[in-house]
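Engineer: Just dropping this structure here.
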Amino acid sequence: MSEDKFALITGAGGGIGRAAALALAKAGWHVAVTGRRPEPLDETAKEIAALDRRALVFPCDVGDPQSVKALFAKTGEAFGRLDLLFNNAGAGAPPVPMEELSYEQWKAVVDVNLTGAFLCAQGAILMMKSQTPKGGRIINNGSISAYAPRPNSAPYTATKHAITGLTKSIALDCRQYDIACGQIDIGNALTDMARKMTKGVPQADGRIAIEPTIDPAQVGDAIVHMASLPLSANILTMTIMATKMPFVGRG
């Protein structure tokens, strides 16, 4: 890269977040990583450093405004600017019928998946609109659940549908600041959360079926492509999925 670029990734202790962090580092980016637990973040940071890129570790609860404020203050202090935010942190609820979910279970998912993405986007926008040169890019992790639910997934599905609205609002409201915003919708990347798909998961018609998966590194490569575009161009939505997963069709 001709100049240093700085990224911040939430939920970067493993899975898609770690894959994105390493893909960006390989492409020349310096990367700040955040999540709830410091130990996995430290592991991600070691791999970034091994690629001769700067890594910043700052544990954060993305659903807490003060924690997010501290995260962006530290990122600004360490990096001086922010060129990319990948809003990746996510949580799910137990797969039980909607009427059996507690308010606390519902709120926990909303706090991370939706409020967390909103708070981190706010922090990124404030940095990006005031830095020189101004601007940057925000990528939100939407998931295939931004289009269609799995059985017994109301909190996760509702928040991921909402991410689509948040993405479009950021893309519209922030283009005046040269901030581009897009969404990546990921289907069946083989993270620890998705490993159950190799043994069988519930389908819309009640069957239990094994589903094909893809390597999270392929998602990381897609994020690098989105991030590498000039700010005059934007991938508003990208769906990357296992070719033979059952999403495209009727259940």
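Engineer: Regarding PRO155, is this residue assigned to a loop (DSSP other than H, G, I, E, B) and either farther than 20 Å from MET245 by Cβ or touching a residue at least 60 places away in the same chain (Cβ under 8 Å) (or both)? Walk me through it before giving the result.
Structural biologist: Working: assigned to a loop (DSSP other than H, G, I, E, B): no; either farther than 20 Å from MET245 by Cβ or touching a residue at least 60 places away in the same chain (Cβ under 8 Å) (or both): yes.
Answer is no for this residue.
Engineer: Moving on. Restricting the search to the range 30-42, which residues are buried (at least 24 other Cβ atoms within 10 Å of the Cβ) and touching a strand residue (DSSP E or B) at 6+ places or on another chain (Cβ under 6 Å)?
Structural biologist: We begin by selecting, within the range 30-42, every residue buried (at least 24 other Cβ atoms within 10 Å of the Cβ); these are 31-35, 41.
Listed by number, the residues that qualify are VAL31, ALA32, VAL33, THR34, LEU41.
Engineer: Out of the residues in the range 196-216 meeting the condition of being in contact (Cβ under 8 Å) with a residue 24 or more places away in the chain and touching a Leu at 6+ places or on another chain (Cβ under 8 Å), tell me which one is farthest from ALA180 (Cα to Cα).
Structural biologist: The residue in question is THR213.
Engineer: Right, next: Going through ALA180, ALA189, ALA171 one at a time, which residue ends up being touching an Asp or Glu at 6+ places or on another chain (Cβ under 8 Å) and either on the phi > 0 side of the Ramachandran plot or of a type outside the set (Lys, Arg) (or both)? Write out each step before concluding.
Structural biologist: Working: ALA180 fails: touching an Asp or Glu at 6+ places or on another chain (Cβ under 8 Å); ALA171 fails: touching an Asp or Glu at 6+ places or on another chain (Cβ under 8 Å).
Criteria check complete, one pass: ALA189.
Engineer: Quick one: THR159 ticks every box in (1) modelled with pLDDT under 95; (2) more than 26 Å from PHE6 (Cα to Cα); (3) under 19 Å from the mean Cα position of the chain (by Cα) except a single one, so which number is it?
Structural biologist: (1)
Engineer: Another one. Name, by its number, the condition in (1) without any contact (Cβ under 8 Å) to a residue 24 or more places away in the chain; (2) closer than 28 Å to ALA124 by Cβ; (3) touching a Ser or Thr at 6+ places or on another chain (Cβ under 6 Å) that does not hold for CYS181.
Structural biologist: Status for CYS181: all satisfied but (1).
Engineer: Going by the structure shown, is THR75 in contact with a Phe, Trp or Tyr (Cβ under 8 Å, 6 or more places away or on another chain) and among the polar types (S, T, N, Q)?
Structural biologist: On the way: in contact with a Phe, Trp or Tyr (Cβ under 8 Å, 6 or more places away or on another chain): yes; among the polar types (S, T, N, Q): yes.
When the stated conditions are applied, THR75 passes them.
Engineer: So which residues in the range 222-240 are in contact (Cβ under 8 Å) with a residue 24 or more places away in the chain, assigned to a helix (DSSP H, G or I) and either of a type in the set (Val, Ile, Thr) or touching a strand residue (DSSP E or B) at 6+ places or on another chain (Cβ under 9 Å) (or both)? Let's see the steps before the verdict.
Structural biologist: Let us first name the residues in the range 222-240 that are in contact (Cβ under 8 Å) with a residue 24 or more places away in the chain, namely 222-224, 226-229, 231, 233-240.
Remaining after also requiring assigned to a helix (DSSP H, G or I): 222-224, 226-228.
Scanning the range 222-240 gives ALA222, ILE223, VAL224, MET226, ALA227.
Engineer: Considering each of ASN88, ASN152, ASN140 in turn, give the residue that is more than 25 Å from ALA21 (Cα to Cα), of a type outside the set (Asp, Glu), in contact with a strand residue (DSSP E or B) (Cβ under 9 Å, 6 or more places away or on another chain) and buried (at least 16 other Cβ atoms within 10 Å of the Cβ).
Structural biologist: Values: ASN88 fails: more than 25 Å from ALA21 (Cα to Cα); ASN140 fails: more than 25 Å from ALA21 (Cα to Cα).
That would be ASN152, the only listed residue that is more than 25 Å from ALA21 (Cα to Cα), of a type outside the set (Asp, Glu), in contact with a strand residue (DSSP E or B) (Cβ under 9 Å, 6 or more places away or on another chain) and buried (at least 16 other Cβ atoms within 10 Å of the Cβ).
Engineer: Separate question: Tally the residues that are within 20 Å of the chain's Cα centre (by Cα), in a helix (DSSP H, G or I) and farther than 14 Å from ILE144 by Cβ, restricting the search to the range 192-221. Give the steps one after another, and end with the answer.
Structural biologist: Within the range 192-221, the first condition is being within 20 Å of the chain's Cα centre (by Cα), and the residues that meet it are 192-195, 213-221.
Subsequent filtering for residues that are in a helix (DSSP H, G or I) retains 195, 216-221.
Add one more test, that the residue is farther than 14 Å from ILE144 by Cβ, and what stays is 195, 216-218, 220-221.
The number of residues fulfilling the criteria is 6.
Engineer: Wholly within the range 1-98, which helices (runs of 4 or more DSSP H) include no fewer than the required count, namely at least 3 residues that are touching a residue at least 60 places away in the same chain (Cβ under 8 Å), more than 21 Å from GLN131 (Cβ to Cβ) and of a type outside the set (Phe, Trp, Tyr)? Break it down into steps so the answer makes sense when it comes.
Structural biologist: Numbers: elements: 15-26, 38-50, 65-79.
The helices (runs of 4 or more DSSP H) meeting that bar are 15-26.
Engineer: So, one more: Just the residues that are within 15 Å of the chain's Cα centre (by Cα), crowded, with 20+ Cβ neighbours inside 10 Å and in a loop (DSSP other than H, G, I, E, B), please, taken from the range 170-191.
Structural biologist: Once the filter is applied, which keeps residues that are within 15 Å of the chain's Cα centre (by Cα), crowded, with 20+ Cβ neighbours inside 10 Å and in a loop (DSSP other than H, G, I, E, B), the range 170-191 yields only ASN188.
Engineer: Let me ask you something else. I'm trying to understand the selection: among the residues of the range 99-116, which are over 18 Å from the mean Cα position of the chain (by Cα) and either assigned to a helix (DSSP H, G or I) or under 28 Å from MET238 (Cα atoms) (or both)? Quick ask: steps written out before the conclusion?
Structural biologist: Taking the range 99-116 first, the residues over 18 Å from the mean Cα position of the chain (by Cα) are 99-107.
GLU99, GLU100, TYR103, GLU104, GLN105, TRP106, LYS107 - these are the residues of the range 99-116 that are over 18 Å from the mean Cα position of the chain (by Cα) and either assigned to a helix (DSSP H, G or I) or under 28 Å from MET238 (Cα atoms) (or both).
Engineer: Of the residues ALA55, ALA117, only one is in contact with a Lys or Arg (Cβ under 9 Å, 6 or more places away or on another chain), crowded, with 17+ Cβ neighbours inside 10 Å, among the small types (Gly, Ala, Ser) and under 23 Å from SER228 (Cβ atoms); which? Spell out the reasoning first.
Structural biologist: Details: ALA117 fails: in contact with a Lys or Arg (Cβ under 9 Å, 6 or more places away or on another chain).
Among ALA55, ALA117, only ALA55 is in contact with a Lys or Arg (Cβ under 9 Å, 6 or more places away or on another chain), crowded, with 17+ Cβ neighbours inside 10 Å, among the small types (Gly, Ala, Ser) and under 23 Å from SER228 (Cβ atoms).
The values are calculated or read from the model by the stated rules, or taken from the named source; none is laboratory data. Here the structure is a predicted model, which means the values were calculated and not measured. A quick note on method: Cβ atoms are made from the backbone with ideal geometry, for glycine too, and the neighbour counts reach across all protein chains shown.
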